[in-house]
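Just so it is clear, none of the values below were taken in a lab; they were calculated from the coordinates. Every value quoted in this text rests on a predicted model; they were computed, and no experiment measured them. For neighbour counting, all protein chains shown are included, and Cβ atoms are generated from backbone atoms with ideal geometry for every residue, glycine included.
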């Protein structure tokens, strides 16, 4: 249900997350892995944890971007970055598809993510090219018989703004679901720069729920780069959601390939099960501790000894991400086990709102941006229940 | 004829300019001369104004001169804060808490030792705070000005209270009842409140409180670093006859 979204500086985080029982899978990233070491990492993970689902994100959906920070992507020679329309001849499309499938298959992966391009609108050039890439990739998997050894997942990457066009979105979903032999989808939403990771727009969130719900009727859906909204997508039917230790691994934006990410300046956010949000260390978590409410709001499982002194909160990143994965897993389990997952999510939101009120009664006014999504999620759920499209 | 009461002040910037240009500023920082910095960027935000009494400004200037080589960055501030609160700290435990390799922490501690802030034992396994090192206890004041949103003001002022001895929220005098209705929230977070009348240029304090013990607060140390780096951003305002 919860996957690790691989990123810079994995150290032992993923291994610990699997060993702790919080992770059911990993989406490795070629941006952050040395091509000389990745085969060993994957074979070792496969042999030690055969129960875990492994995927590899080649980030082909961003191949048109002129990346200023491509990480290790060029070292793999799977594709060049900054591709333009003329680079997508029929022959090139086949070559991209073949290379990307061969590389994943060669690693021994049994889940293969098929390439596509980030869609800005669902009847634009990239939606058409993505369909061609899917077809070329599926044809190649059939020709080589790889399809009998590995499950094809279509990468479906689109910009948040594309969600505004109901008719084109619906048509595109019809088109992709006509493709045969598809096992599932790996969905990546490119958010607007500066967006809240917890989502600010109920209409687009409702439409994302609709996409996930529609696809999950017949396919396995994995949603990449998620934060707490991953819970909304689990409620809508996603089988797995992936999340990582930096904000850039919990919300995908174009800056993922442009800026240096993940500077640790000592301030952090605490994934709060009770508040359904990433609580800012200063002053929100600090105030919770000062008011003696740690027992209710701080899970002692990981790193709580650094959370004793409100004047010097220390939450090492490995403990942070383990705590976060545990939080998502505990909540995700409740949602997926419920007879009505959407109703269960609504109850969790209502409880989180009640906790916000309780905190205010104790003299703690939380950062409004950290909790504004509670109402937005509820609106999205209502729109989703009413039928979005 | 319908008479509409137009707001007197259109922006926080305008409100701030009138407030800071008035003698009422003296009510928040009792000194014949005050040093004022506008929108000083700190590690926890950007207070609208920071005030330092002349004597504190002098202390800070002297400290900056004596310790011009000291970097009070987040990492160093967190280490100093940990060590200052405990008589003797296990370096390995410190490395774990800071999520750093032990060698990196030892290197940082050696630097702090060369500045006279900490003392490492011979095996570099334990470290203690050098009590001769005086962290300046400034009576600094941060001011958050808001025209209407008391929640935003309270939230940012609470952040400011980590770095400044007094953290104020100042709103227009028309908001006196609003602030009074929420005063318990401000008091419980040690936030001082006042309203300012732009017509009479008078300041009415509602409640005053001091931030919690700051000297060993990591953010206070970081804030001290910001103040030292931005001494030139302060301008002097005199209230003497």
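When the inverse distances between all different Cα atoms of chain B are averaged and flipped, the Kirkwood radius reads 19.4 angstrom.
Taking label points 7 Å from Cα along the Cα-to-Cβ direction, residue A:11 and residue A:84 give a separation of 4.4 nm. Taking the C-alpha atoms only, the angle from helix B:150-160 to the longest principal axis of chain B is near 30 degrees. Counting only alpha carbon atoms, the long axis of helix A:373-386 and the longest principal axis of chain A meet at about 50°. Radius of gyration (Cα atoms) of the protein assembly as shown, expressed as a multiple of 2.2 N^0.38 Å: 1.09. The eigenvalues of the Cα gyration tensor, multiplied by 5 and square-rooted, give the stretch A:211-348 an equivalent ellipsoid with semi-axes of 28, 20, 11 Å from largest to smallest.
Counting every pair of alpha carbons in the stretch A:2-257, the share spaced more than 22 Å apart comes to 51 percent.
Computed across the stretch B:102-162, the Kirkwood hydrodynamic radius from all distinct Cα-Cα pairs reaches 14.9 Å.
What separates the Cα centres of the stretch B:105-179 and the stretch B:52-101 is a distance of 11 Å. Gain on full extension, evaluated as 0.36 nm per residue between residue B:208 and residue B:102 minus their Cα-Cα distance, stands at 33.8 nm. Run through all the Cα pairs of the stretch B:110-241 and give the fraction in each 5 Å bin from 0, expressed as whole percent. Pair shares across the bins are 2, 9, 16, 16, 15, 13, 10, 6, 5, 4, 2, 1, 0, 0. Against chain A, whose longest principal axis comes from its Cα atoms, helix A:125-143 is set at around 70 degrees.
If you take every DSSP beta bridge fully contained in chain B, what fraction is antiparallel? Give it as a percent rounded to 5. Mind showing how you got there, number by number?
Details: 23 of 33 bridges.
The antiparallel proportion sits near 70 percent.
Within a 10 angstrom radius of each residue's Cβ in B:34-44, how many Cβ atoms of other chains show up on average? Whole number is fine.
Working: counts 0, 0, 0, 0, 0, 0, 0, 0, 0, 4, 5.
Across B:34-44, the average partner-chain Cβ count within 10 Å equals 1.
When the helices of chain B are scored as -39500 (n - 2.57) per DSSP H run of n ≥ 4 and the total is divided over every residue, the value at 222 nm lands at -11000 deg cm²/dmol. Working note: Cα atoms of the stretch B:69-129, range along each principal axis, descending, whole Å: 26, 22, 21. Go ahead and run the numbers for FRET between residue B:85 and residue B:147, Cβ-Cβ distance against an R0 of 30 Å, rounding to 0.05. FRET efficiency, residue B:85 to residue B:147: 0.15.
The simple Förster model, with R0 at 25 Å and r as the Cβ-Cβ distance, assigns residue A:382 and residue A:171 a FRET efficiency of 0.50. By the helix-only formula, in which each DSSP H run with n ≥ 4 contributes -39500 (n - 2.57) and the sum is divided by residues, chain A has a 222 nm mean residue ellipticity of -12500 deg cm²/dmol. Size of the stretch A:1-141 from its Cα atoms: along the principal axes, largest to smallest, the extents are 46, 33, 29 Å.
Among DSSP beta bridges lying fully in chain A, give the percent that are antiparallel, nearest 5. Once the DSSP bridges in chain A are tallied, antiparallel ones form about 10 percent. Radius of gyration (Cα atoms) of the stretch B:170-241, expressed as a multiple of 2.2 N^0.38 Å: 1.43. Computed with the Debye formula from one identical point scatterer per Cα of the stretch A:269-386, without solvent, the log10 of I(q)/I(0) at q = 0.15, 0.16 Å⁻¹ comes to -0.69, -0.78.
Between residue B:232 and residue B:199, the FRET efficiency from the beta-carbon distance, with R0 = 45 Å, is close to 0.85.
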